[in-house]
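Asker: Would you mind keeping the following structure in view while I ask a few things?
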Amino acid sequence: MNAQTQNLSAAARMPPSRRVGLDRLTIQNEKLRATQRRFAYPTVLLPTLGLAIAAVEVAAGLVGAMEVTLALAMYAVTMLGNTVGLHRHLTHRAFSAHPWVRAVLAVLGSMTAQGPVINWVANHRRHHGNSDQPGDPHSPYVNQGGPSGGWRGFWHAHFEWMFDGEITNAVLFAKDLLRDPVIVRINRQYLFWVTLGLVLPAVIGGWWAGSWFGAFQGFLWGGLVRVAMNQHAAWSISSFAHLFGSRPYDTGAHEQSRNLALLALPILGEGWHNNHHAFPNCAVVGFEWWQVDPSAWLIRLLERCGLVWDVKGVPPAELRRQKLRRPAGARA
Ligand SMILES: [Zn+2]
Ligand SMILES: [Zn+2]
C-alpha cells in the first residue's frame, strides 16, 4: 500500500474521544452554550415558518416557474458550497483549491445557515472521530453520553442536537482553519452571508417579476424555503443515513453509517454515506458508475479548469475490496 492509499483509508486527522477525553471535545462555558441554544431557535424556526407560508401559497395557486426556479437554483448552488466546500474540501481536505475557489465555496456553504464555517467543520470532524459513540454531536444512537434510539434518536440526530448548546472545541478539531485568515473572516461574517443568501434571491425575484411581490416571492422561495431544503438535506445524512440503508463497507461495529440511494441525488452525492465513512478523505463518494455524485462532477470540472488539484478520487479497487464487509464466519 503506497502513501496515497494509506492516506485515503485513514480516518481524517480527527482525534477520537478515547484519546483526548470526552470533556475536551466541547467548550465548557455556560454563557456561550446559552447563546448557542438561543441561535438554534431562529435557525430552525424561521425556515420552518417559510415552509408554512409556502404551503399556503401552493394551496392558493400563487406558485409559478419563477418560485420553483429560484428555489432549485439557489439550493443547487448553496448546497454545492456545503458538500464540496465545507464538507469535502475544508473538513476532509479531499482536494486542494485556488484561494478564491476555497473562499467562494466557504461563503456559499455559509448561506445554507448551518452555523459558521469553522463550527461546521469542527462538528463534522468530531462526528467522524466519535461516530455513534459518546462524543458524537448528532448520533441517533447516543444522546449526551447516554443511549438513545427510536424516534427520539431520529429527531435528536436530525436537528434537536443543536438545542443541546454544545460547542465543539475548534482548537482541537479545526486548528488548520483557525490559522487561515480568510476562513476566519468568513466565519466571523456568518450572519452577513446568511442574510445575503436571503436578499440575493429577493433582488432577482423583484427584477424578474418587476414588483415588490416578486421580491417577496424571491425572498421566500429562493431564501427561506431553500434554506429549509438545505438544512433538512444535510440533517438527513445524520439521521436517515445512520439509520436506514446498506452497509457495504466495514467501518467498525461501533458506527452505523449507511448508503441510502434515495438521498444520493437530492443531497448531491452525500447519500453514499457508508462509502464516505469508509474512505473519508476521498473527493469522490460515489464509487460505482451508478452511484450518482453531482458534487464529484463539480470537483472534476474545477480540476479540468485548473482551479482545484490533488483530487483524491475513487479508492483503488484492491483497497476497497479489503474494506468490504464479509458474511459472518467468512475468512478475511
Ligand atoms: Zn456520518
Ligand atoms: Zn464527512
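Asker: Using the number of other C-beta atoms within 10 angstrom as an exposure proxy, rank TRP235, TRP221, TRP100 with the fewest first.
Answerer: Working: TRP235 20, TRP221 27, TRP100 10.
Lowest count first: TRP100, TRP235, TRP221.
Asker: Then there is this: Once you list every other residue whose beta carbon is under 9 Å from the beta carbon of TYR249, what net charge do they have if Lys and Arg are +1 and Asp and Glu are -1?
Answerer: Numbers: positive: ARG247, ARG320, LYS323, ARG325; negative: ASP250.
Around TYR249, the charge tally is +3.
Asker: A further question on this structure: Write down, largest first, the equivalent ellipsoid semi-axes of region 17-230 in whole Å, where each equals the square root of 5 times an eigenvalue of the alpha-carbon gyration tensor.
Answerer: After diagonalising the Cα gyration tensor, the semi-axes are 32, 21, 14 Å.
Asker: Cβ under 15 Å from PRO181's Cβ, PRO181 left aside: what net charge do those residues give with Lys, Arg +1 and Asp, Glu -1? The partial results should precede the final answer.
Answerer: Values: positive: ARG102, LYS175, ARG179, ARG185, ARG188; negative: ASP176, ASP180.
Charge balance near PRO181 sits at +3.
Asker: While we're on this one: With 10 angstrom as the radius, rank TRP193, TRP120, TRP155 by how many other C-beta atoms surround their C-beta, starting from the fewest. Walk me through the intermediate numbers first.
Answerer: Details: TRP193 22, TRP120 27, TRP155 15.
Arranged by neighbour count, lowest to highest, TRP193, TRP120, TRP155 become TRP155, TRP193, TRP120.
Asker: Cross-link partners among aspartates and glutamates for LYS31, C-alpha distance below 18 Å, same-chain residues fewer than 8 apart left out?
Answerer: ASP23, ASP164, GLU166
Asker: For ARG247 paired with LEU49, estimate the spin-label separation in nm (one decimal), with each label point 7 Å from Cα along the Cα-to-Cβ line.
Answerer: Distance between label points: 4.2 nm.
Asker: If R0 is 45 Å, what FRET efficiency do you get for VAL203 and ARG326 from their C-beta distance, rounded to 0.05? Each step should come with its number before you reach the end.
Answerer: Working: r = 56 Å, r/R0 = 1.24.
Efficiency computed from Cβ-Cβ geometry: 0.20.
Asker: Hey, rough spin-label estimate for LYS175 and GLN189, points 7 angstrom out along Cα→Cβ, what's it come to in nanometres?
Answerer: A separation of 2.8 nm, rounded to one decimal place.
Asker: Expressed in whole Å with the largest first, what are the equivalent ellipsoid semi-axes of region 65-176 derived from the C-alpha gyration tensor as the square root of 5 times each eigenvalue? Could you put the intermediate results ahead of the total?
Answerer: Numbers: eigenvalues 145, 78, 22 Å².
Over the Cα atoms of region 65-176, the ellipsoid semi-axes are 27, 20, 10 Å.
Asker: Scan the chain and hand back the longest stretch that contains none of the trypsin sites (Lys or Arg not before Pro) lying in DSSP loops with at most 15 other Cβ atoms within 10 Å. Show your work: numbers first, answer last.
Answerer: On the way: sites that count: ARG13, ARG179, ARG325, ARG331.
Value returned for the longest uninterrupted segment is 14-178.
Asker: Cut-off 14 Å, label point 7 angstrom out along Cα-to-Cβ of PHE163: give me the residues of region 22-39 whose amide nitrogen falls inside.
Answerer: 37-39
Asker: Using r as the Cβ-Cβ distance of ALA60 and ASN29, and R0 as 51 Å, what FRET efficiency do you calculate, to the nearest 0.05?
Answerer: Values: r = 47 Å, r/R0 = 0.92.
Efficiency for this residue pair is about 0.65.
Asker: Taking the Cβ of each residue in VAL308, VAL63 as the centre, tally the other Cβ atoms inside 10 Å and list the residues starting with the fewest.
Answerer: Lowest count first: VAL63, VAL308.
Asker: Name the lysines eligible as straight-distance cross-link partners of LYS323: C-alpha to C-alpha under 20 Å, and not fewer than 8 places from it in the same chain.
Answerer: LYS312
Asker: Run the quick spin-label model on VAL68 and SER211: label points 7 Å from Cα toward the beta carbon, then report their separation in nm to one decimal.
Answerer: Those two pseudo-labels are separated by 2.0 nm.
Asker: Using modelled amide H (1.01 Å from N, peptide plane; none on Pro or chain starts), what sits under 5 Å from the amide H of VAL142, excluding residues fewer than 5 places away?
Answerer: SER148
Asker: I've got another one for you. Give, as a single signed number, the net charge of other residues whose beta carbon lies under 11 Å from the beta carbon of GLY218, with Lys and Arg counted +1 and Asp and Glu -1. Don't jump to the answer; show the numbers that get you there.
Answerer: Working: positive: ARG226; negative: GLU67.
In short, 0.
No value in this document is a laboratory result; all are computed from the given coordinates. Computed from a prediction, not measured in an experiment: that's the story for all the values here. Don't worry about glycine lacking a Cβ; one is built from the backbone with ideal geometry, like all the others, and counts go over all protein chains shown.
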